[in-house]
Amino acid sequence: MALENNTIRTGRVGRGITGKVLVGRLGWTVISFLTLLVLWAVVAAIMQSRLFPGPLEVGDKLLSEAASGELFYHVGLTLGRVAAAFIAAMAIGCAIGIALGRAKGADLFFDTWLIFFLNLPALVTIILCYVWFGLTETAAILAVAINKIPNVAVTVREGARSLSRDLNEMSEIYRFGFWKTLRHVTLPQLAPFFAAAARGGLALVWKIVLVVELLGRPNGVGEQLHIGFQLFDVSMILAYAIAFIVVVQVIELCVLQPLEARANRWRR
Amino acid sequence: MDSNALRVTVEEKTFPAVEDRPEQVVLSAVDLNVEEGSFVVITGPSGCGKSTLLNIAAGLDEDYRGQVAFSQANAKLSFMFQTPRLLPWRTVAQNIRLVLDDDCPDGDKRVAAILDRVGLSEAATAYPERLSLGMQRRAALARAFVVEPDILLMDEPFVSLDDPSADSLRTLLIELWASKPTTVLFVTHDRTEAVMLATRLIRLGGKPAAIVQDTAIELSADERLDREKVLAYRMRLFDND
């Protein structure tokens with residue numbers, strides 16, 4: 001029986017329609033980025049306003065802040081706070097999440113507390129921390145961590161609830177003991193949940209850190225934005241915002257993604 | 001009595017009521033003595049409580065009335081499950097190395113030797129999910145044997161494999177068992193497999209299940225590898241059904 005034409009499927013390779021051949025992924029990123037820059041420049045040129053500076057003015061500001069060292073000083077301080085709050089929130093949140101996922105009674109009891117803290121506005125935590133503990137570094141980091149802990153706990157709790165009973169029985173039969181089980185059986189199962197919590201966490205933490213700095217710190221990117229606001233210096237606000245976006249992207253590309261790829265290398 | 005490696009006594013095992021299903025007595029008055037070095041196969045209809053009996057012997061199920069006694073203090077157990085239960089995030093070699101103590105002096109050598117024995121040397125550094133089910137089962141078999149257990153428990157370890165793969169694994173098991181005699185408790189619903197492997201065959205039946213048949217299988221190692229002989233023996237043994 002002859003095969004009809006309309007039932008023939010041809011593989012994509014060699015037909016020149018994969019797209020990758022013309023412009024790579026990186027190429028698309030560059031094109032997209034340049035388009036955004038041009039669009040910004042055009043709108044700024046039309047507006048002709050001190051309150052809507054173009055990319056060149058913002059670039060100038062960025063360079064002068066970098067040259068004076070101000071930029072690195074403030075970005076560095078903010079990054080330090082982000083790191084401290086992030087690590088504290090991950091450690092405490094993971095411990096709470098695992099405990100609640102494993103112990104049903106504790107989960108039933110503390111669920112209400114978790115919902116309370118999940119819905120507590122970030123601003124309230126920040127104000128209360130400053131009021132109770134003073135305008136200190138500890139209060140600032142504590143406020144950020146408290147905002148993040150419930151999210152981490154909820155994500156990791158989901159993972160701890162779904163731990164494989166099959167693998168637990170296996171480690172019991174072969175007498176793995178507590179640490180071996182934790183390291184080779186439990187933590188690898190939780191890794192995707194840690195990664196999800198970390199990724200969502202970083203995005204949330206660095207935004208809240210700026211608010212904390214704005215409200216009660218004498219330095220950091222948040223405080224610089226505050227000054228920019230008071231002076232109506234939009235160039236400065238945008239310069240610091242862009243610097244921060246770049247730093248966060250670099251962390252994402254150079255730290256989080258390689259870590260995730262490493263944790264997932266066993267998957268099919 | 002001295003030559004018994006294991007004695008499993010289950011006066012009663014019940015599954016608690018779940019939603020619309022009432023409480024169910026699964027096993028009742030089961031008393032099983034397993035001789036040192038014997039290969040005991042437990043068969044019976046599916047759902048009759050074979051796996052439950054094995055889990056009780058393994059200590060995974062403690063929710064029963066009765067007791068499990070070992071002749072040896074702190075007897076070393078291995079369990080080959082229905083699914084391979086390998087850690088997907090560890091390589092085949094790591095999976096097998098993990099069941100040995102960290103400070104085991106010739107650990108790596110033993111892992112290499114057993115991998116060679118089951119024909120997985122080339123797959124040592126592969127992650128389990130990249131292997132076929134048959135190869136994963138080989139790795140699980142290697143893991144069960146590498147600890148040199150006093151008692152090896154096996155719960156339908158060769159189900160859902162194609163016939164050639166299952167047969168080559170059975171042959172491998174017979175060879176491993178012959179070279180390193182171990183007390184084995186093996187659960188299956190496949191009667192041909194049961195006759196091929198067992199030195200003693202136990203049949204569970206009834207509701208709640210109890211031992212309804214207990215027969216010695218007298219076949220030599222060579223005869224076990226001869227399909228005709230195994231099938232003939234099976235016919236004689238189960239001629240009533």
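Here is how the numbers come out for the structure above:
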| read-out | value |
| --- | --- |
| Within the range A:227-258, tally of residues that are open to solvent by 70 Å² or more (accessible area, probe 1.4 Å) and either within 14 Å of another protein chain (Cβ to nearest Cβ) or aromatic (F, W, Y) (or both) | 2 |
| Residue in the range B:150-160 that is surrounded by fewer than 13 Cβ atoms within 10 Å (Cβ to Cβ) and modelled with pLDDT under 90 present | yes |
| Matching residues, the range A:99-113, being surrounded by 19 or more Cβ atoms within 10 Å (Cβ to Cβ) and within 13 Å of A:P150 (Cα to Cα) | A:L100 |
| Test set (1) over 18 Å from A:A85 (Cα atoms); (2) assigned to a helix (DSSP H, G or I) - A:L163 fails condition number | (2) |
| Some residue of the range A:174-182 being within 28 Å of A:I251 (Cβ to Cβ), aliphatic (A, V, I, L, M) and open to solvent by 20 Å² or more (accessible area, probe 1.4 Å) | yes |
| Strands (runs of 3 or more DSSP E) wholly inside the range B:28-89 that include at least 2 residues being open to solvent by 20 Å² or more (accessible area, probe 1.4 Å) | B:65-70 |
| Listing of helices (runs of 4 or more DSSP H) fully contained in the range B:181-241 that carry 2 or more residues being open to solvent by less than 50 Å² (accessible area, probe 1.4 Å) and either small (G, A, S) or without any contact (Cβ under 8 Å) to a residue 60 or more places away in the chain (or both) | B:191-197, B:227-237 |
| Hits in the range A:49-98 - residues which are within 23 Å of A:V212 (Cα to Cα) and open to solvent by 50 Å² or more (accessible area, probe 1.4 Å) | A:E70, A:F72, A:Y73, A:L77, A:L79, A:I87, A:A91, A:I92 |
| Selection within the range B:139-198 - closer than 23 Å to B:G49 by Cβ and among the small types (G, A, S) | B:A144, B:S160, B:A194, B:A198 |
| Verdict on B:V68 being farther than 22 Å from B:K180 by Cβ and more than 9 Å from chain A (Cβ to nearest Cβ) | yes |
| Qualifying residue in the range B:45-63 (condition: over 21 Å from the mean Cα position of the chain (by Cα) and among the β-branched types (V, I, T)) | no |
| Residue match in the range A:194-203 (condition: open to solvent by 20 Å² or more (accessible area, probe 1.4 Å), within 14 Å of another protein chain (Cβ to nearest Cβ) and part of a helix (DSSP H, G or I)) | yes |
| Every pair of residues 6+ apart whose Cβ atoms lie under 8 Å, when the first sits in the range B:102-125 and is touching a residue at least 12 places away in the same chain (Cβ under 8 Å) while the second is open to solvent by 20 Å² or more (accessible area, probe 1.4 Å) and of a type in the set (K, R) | B:V111/B:R97; B:V118/B:R138; B:G119/B:R138; B:L120/B:R138 |
| Meets criteria (surrounded by fewer than 18 Cβ atoms within 10 Å (Cβ to Cβ), under 30 Å from A:L167 (Cβ atoms), of a type outside the set (K, R) and modelled with pLDDT under 90) for A:A261 | yes |
| Failed criterion for A:A160 (all others in (1) more than 17 Å from A:L114 (Cα to Cα); (2) over 14 Å from the mean Cα position of the chain (by Cα); (3) not polar (S, T, N, Q) hold) | (1) |
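Yes/no per residue for (1) free of Cβ contacts under 8 Å to residues at least 24 places away in the same chain; (2) away from chain B (no Cβ under 14 Å); (3) within 17 Å of A:L79 (Cβ to Cβ):
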position: A:T155; (1), (2), (3): no, yes, no
position: A:T181; (1), (2), (3): yes, no, no
position: A:V211; (1), (2), (3): no, yes, yes
position: A:G222; (1), (2), (3): no, yes, yes
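The values are calculated or read from the model by the stated rules, or taken from the named source; none is laboratory data. Only a predicted model underlies this, so the values are computations on that prediction, with no experimental measurement involved. When we count neighbours, we look across all protein chains shown, and the Cβ atoms used for this are built from the backbone with ideal geometry, even at glycine. Quick note on the areas: whole protein, heavy atoms, side chains included, nothing else; ligands and nucleic acids left out. Shrake-Rupley method; radii C 1.70, N 1.55, O 1.52, S 1.80 Å.
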